[in-house]
Amino acid sequence: MDLDALAKELDQCEQCPLRKDAIAPVGWYGNPHSPIVFVGEGPGGVEDDFGCPLIGPSGQLLDKALWSVQMTRDRVLTTNVIKCRPKNNRTPDIAEASFCAKLWLERELEIIQPKVIVALGGVALHYLGNPDMRITRDRGQWFRTEQGFDCIATYHPAYLLRLYGKQQVAAKWDVFHDLQAAKARAEMLAPGYQFASEEKVDLFKLFHRRIQG
Ligand code: URA
């Protein structure tokens with residue numbers, strides 16, 4: 001099975017109640033051969049509209065952060081723990097996250113075999129690590145996922161967007177250092193891989209609203 005076949009299967013998924021409140025599942029975007037995979041929480045409103053993970057305000061900030069460590073979205077791969085937007089952008093609970101991730105995220109990772117995973121925020125950390133881990137305490141520390149992948153967590157861009165002033169600056173530096181560490185490990189394990197194109201990708205040129213109106 002390759003990622004394209006998995007994407008076709010995902011399009012048809014109706015295995016849990018979250019599906020009925022979303023336009024459609026949102027899969028992954030990026031290079032399937034990337035040694036580094038970024039795992040967010042789940043699609044928000046803009047992602048549901050456009051069918052692309054991390055394309056809304058969080059994604060725009062992520063793109064800037066990636067650019068600061070010479071990575072572009074087309075050269076890495078971004079995905080989420082859950083594929084359907086929960087109603088009112090509610091945070092998915094651990095049971096919903098596990099149910100969806102067992103069906104999709106785990107199979108994606110099995111196909112991609114990334115050298116490094118970056119968990120963006122608490123939901124991804126709880127799923128890829130364990131529910132006792134805390135993003136404020138455990139970010140920036142390497143751990144091994146149940147599937148055997150090296151993983152490091154950092155703050156979710158939505159969290160950075162909620163902070164102000166000195167707190168925001170400090171948290172952005174933390175993310176910068178976490179991304180540097182993740183890239184350094186991926187570079188060591190996949191020598192010669194190009195992590196950046198010459199220009200940032202404009203995802204809004206590549207993706208269009210799934211429902212007009
Ligand atoms: N937040 C996420 O974690 N993922 C998305 O795709 C969008 C917002």
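The values are calculated or read from the model by the stated rules, or taken from the named source; none is laboratory data. Just so you know, these numbers come straight off a predicted model, no measurement behind them. Note that each Cβ is placed from the backbone with ideal geometry, even for glycine, and that neighbours are counted across all protein chains shown. Remember, those area values only see protein heavy atoms, side chains included, never the ligands or the DNA or RNA. Shrake-Rupley method; radii C 1.70, N 1.55, O 1.52, S 1.80 Å.
Observations on the structure shown:
- Look at (1) open to solvent by less than 40 Å² (accessible area, probe 1.4 Å); (2) in a loop (DSSP other than H, G, I, E, B) and you find that GLU146 fails only one, number (1).
- Segment 77-100 - residue that is more than 16 Å from ALA24 (Cα to Cα) and in a helix (DSSP H, G or I) and, of those, modelled with the lowest pLDDT: ILE94
- Among the residues making up segment 71-89, those that are in contact (Cβ under 8 Å) with a residue 12 or more places away in the chain, open to solvent by 20 Å² or more (accessible area, probe 1.4 Å) and more than 10 Å from the ligand (Cβ to nearest atom) are ASP74, ARG75, LYS87.
- The number of residues in segment 188-207 that are in a helix (DSSP H, G or I), closer than 17 Å to VAL37 by Cα and in contact (Cβ under 8 Å) with a residue 12 or more places away in the chain comes to 1.
- Scan of segment 37-70 for residues that are surrounded by fewer than 24 Cβ atoms within 10 Å (Cβ to Cβ) and part of a loop (DSSP other than H, G, I, E, B), ordered by number: GLY44, GLY51, GLY56, VAL69, GLN70
- Which numbered condition HIS208 fails, given (1) surrounded by 13 or more Cβ atoms within 10 Å (Cβ to Cβ); (2) under 19 Å from TRP28 (Cα atoms): (1)
- Close Cβ contacts (under 7 Å, 6 or more residues apart or on different chains) running from residues in segment 36-48 that are in contact (Cβ under 8 Å) with a residue 12 or more places away in the chain and near the ligand (Cβ under 8 Å from one of its atoms) to residues that are open to solvent by 10 Å² or more (accessible area, probe 1.4 Å) and assigned to a helix (DSSP H, G or I) comprise GLU41/VAL123; GLY44/ASN89.
- Of the criteria (1) free of Cβ contacts under 8 Å to residues at least 40 places away in the same chain; (2) away from the ligand (no atom under 16 Å from the Cβ), which one THR154 fails: (2)
- Counting residues in segment 2-25 that are under 20 Å from LEU128 (Cβ atoms), open to solvent by less than 50 Å² (accessible area, probe 1.4 Å), within 14 Å of the ligand (Cβ to nearest atom) and in contact with a strand residue (DSSP E or B) (Cβ under 9 Å, 6 or more places away or on another chain) gives zero.
- Test for ILE55: is it touching an Asp or Glu at 6+ places or on another chain (Cβ under 9 Å), more than 22 Å from PHE195 (Cα to Cα) and within 16 Å of the ligand (Cβ to nearest atom): no
- Any hit, segment 170-182, residues being in contact (Cβ under 8 Å) with a residue 40 or more places away in the chain and within 13 Å of the ligand (Cβ to nearest atom): no
- Residues in segment 155-205 that are open to solvent by 80 Å² or more (accessible area, probe 1.4 Å) and of a type in the set (Asp, Glu): GLU187, GLU198, GLU199.
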